[in-house]
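Below is one structure; the comments refer to it alone.
The values are calculated or read from the model by the stated rules, or taken from the named source; none is laboratory data. Given the structure is predicted, the values throughout are model-derived calculations rather than measurements. Neighbour counts are summed over all protein chains in view; Cβ atoms, including those assigned to glycine, are modelled from backbone coordinates with ideal geometry.
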Amino acid sequence: MTSLDGAFAFAQARLQARLGARPSAADWQRIRGSRDLAALLQAAGVSPLFASAHGLTAQSNVHEAERALRGHWMDGVEEIAAWQPPDWIGAIRWLRWLPYLPSLDKLARGGRPPDWMRTDVVLGEIVAVDPRLRGGALSRTELAPLAGSFGTPGNIGGAWLAHWQSLWPSGDAAAVLGRLAHEIATQCRELAAGPAAVTSDSIFTRIDRRLLRVFRRNPLSPVTSVAYLGLAALDLARLRGAVSMRALRPAHEGAA
C-alpha cells in the first residue's frame, strides 16, 4: 500500500463507521413527529444527530438555530479535510462554505441583508460596507474566489464550483467528482424550479441514493469523503427544515 492509499484508508475507515451511524427512518419519524422544538431536541438528542443538535435549546430562534447548524457543518468539514493527503485538503475544506452560498448570492444581486447577517462571523464584514464595495470586502476573506461574482449578474454557485474544480488534482477522482457535481447541481435546480408537487423529500432521497452508490464504488479515494459529506449535508438540511418549522411556530401552537 502506498502512503497515498494509506491516507485514504485512514479516512475510509472513519467515514465507513460514521456512515453506519446515520439517522434511521425511525429516528427521522420521531423528529418529524415532534410537536415543538423542545420535543424535537429531545428526539435528536437520543439519535445519531445529537452532536448536530448541540448548542440548540427550546428557546432558540430560527437564526440562532441556523447559526449553530452552520457551525456544526463547518467544523465537520474541517475535521474530515484533516484526514486527507495534502493534495486534497484544500478541495475538501472548500466545501465548508456551501451553507453560505444562498446568502452570498442574495448579496451579489444587491439584496438587502437581514439583521442576522450583520453579526455573522463570515458575512458581517461584507454587509458592513456599501453594497458597491462588497465584492472588494469579499476579496479580503477566504472567499476571495467568489468576489468576481459580485458583478452583474451574480453567479455565486458557478464561481464556487469553478474554484472547487480548480482545487482537484488531476486523475480518476476528478472525473468522478465532475460527473457527481453535475448530477447534484441538476437535482438542485429541479428542486428550485419545480412545481409544488416536487418535494424536497423526493429529490433528497434520489440524491441520497446516488451519494451512497458513489461512496461504495470509490474506496480509497477522496470521492468517498465528498460523498459522505454530501450525505451529512442532506441530514443537516433535513434537521434544519424540522428545526426551522418549530422555531418559527408560535409557542401556543406547539402547546395546542
Note to self: Name the residue that is modelled with the highest pLDDT, counting only residues in segment 4-14 that are within 10 Å of Pro219 (Cβ to Cβ) and surrounded by 15 or more Cβ atoms within 10 Å (Cβ to Cβ).
What the structure shows: Gln12
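Yes/no matrix, rows are residues, columns are (1) aliphatic (A, V, I, L, M); (2) in contact (Cβ under 8 Å) with a residue 24 or more places away in the chain:
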{"site": "Arg70", "(1), (2)": "no, yes"}
{"site": "Gly76", "(1), (2)": "no, yes"}
{"site": "Leu101", "(1), (2)": "yes, yes"}
{"site": "Leu104", "(1), (2)": "yes, yes"}
{"site": "Arg132", "(1), (2)": "no, no"}
Checklist line | Complete set of residues in segment 106-135 that are crowded, with 18+ Cβ neighbours inside 10 Å, out of contact with any Ser or Thr (no Cβ under 7 Å at 6 or more places or on another chain) and outside any loop (DSSP other than H, G, I, E, B) | finding: Leu107, Ile126, Val127, Arg134, Gly135
Check: Restricting the first residue to segment 38-52 and requiring it to be within 12 Å of Asp27 (Cβ to Cβ), which pairs with a second residue that is basic (Lys, Arg) and in a helix (DSSP H, G or I) meet a Cβ separation below 8 Å and a spacing of at least six or different chains?
Finding: Leu40/Arg246; Ala43/Arg30; Ser47/Arg30
Margin query: Return the residues of segment 146-195 that are in a loop (DSSP other than H, G, I, E, B), touching a residue at least 24 places away in the same chain (Cβ under 8 Å) and under 22 Å from Trp88 (Cβ atoms); say none if nothing qualifies.
Written below: Leu167, Trp168, Pro169
